[in-house]
C-alpha cells in the first residue's frame, strides 16, 4: 500500500503546471536555475520556491557548482502515484462490474454519429 504522506507530497508537487513544466524540462537533462527560469518567464525567487517543493518531494535535486545552482531529476520516481492509481483502477473496475466501456474506447464511441450536425443539448422538463 502507498504511504499517504509520500503520495500527498508527490501529488501536491505535480499539481502545479509550472512544476510539471520544470520536471518536463529536466527530463531532457540538467539545467541551471537561470536556464529554467528564462523560458518560463518567472523570477528566480519564484522558480526557487517551485524547485524547493519539488526537492521536498524528492523529484528534483540541486547542486551548487561555483556560483550556479544546477537542477536535475531526483531519485524519487512517481511509483507511489502509479501504485495508487493502479489500486483504485482495479477497485473501480471490480465495483463497476464491467458496466464501463473499456479504456481502449471512449464514451463518445458509443453515441450515434451526428454526421457533422450540431446536436442540441437535452432539455429536462420540470413540473410546475
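Below are the figures for this structure:
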| quantity | calculated |
| --- | --- |
| Tabulated pairs, region 64-80, first free of Cβ contacts under 8 Å to residues at least 40 places away in the same chain and on the phi < 0 side of the Ramachandran plot, second surrounded by fewer than 17 Cβ atoms within 10 Å (Cβ to Cβ) and in a strand (DSSP E or B), C-beta under 7 angstrom, 6+ apart or interchain | 68/32; 69/32 |
| Residue tally, condition out of contact with any helix residue (DSSP H, G or I) (no Cβ under 9 Å at 6 or more places or on another chain) and either part of a strand (DSSP E or B) or buried (at least 16 other Cβ atoms within 10 Å of the Cβ) (or both), over region 56-90 | 3 |
| For residue 30: the one exception among (1) in contact with a helix residue (DSSP H, G or I) (Cβ under 9 Å, 6 or more places away or on another chain); (2) modelled with pLDDT of 95 or more | (1) |
| Qualifying residues in region 20-36 (those that are under 21 Å from the mean Cα position of the chain (by Cα) and assigned to a helix (DSSP H, G or I)) - the one surrounded by the most Cβ atoms within 10 Å (Cβ to Cβ) | 22 |
| Test: residue in region 91-101 that is surrounded by 13 or more Cβ atoms within 10 Å (Cβ to Cβ) and modelled with pLDDT under 90 | yes |
| Residue satisfying all of: in region 57-76; modelled with pLDDT of 90 or more and within 15 Å of residue 28 (Cα to Cα); farthest from the chain's Cα centre (by Cα) among these | 70 |
| Selection count where residues are in a helix (DSSP H, G or I) and either in contact with a helix residue (DSSP H, G or I) (Cβ under 6 Å, 6 or more places away or on another chain) or buried (at least 16 other Cβ atoms within 10 Å of the Cβ) (or both), scope region 1-19 | 8 |
| Candidate set from region 37-48 (those that are assigned to a loop (DSSP other than H, G, I, E, B) and surrounded by fewer than 17 Cβ atoms within 10 Å (Cβ to Cβ)); member that is modelled with the highest pLDDT | 43 |
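The values are calculated or read from the model by the stated rules, or taken from the named source; none is laboratory data. Note that this is a predicted model, so its numbers are computed, not measured. As a convention, Cβ positions derive from the backbone with ideal geometry for all residues, glycine included, and neighbour counts pool all protein chains shown.
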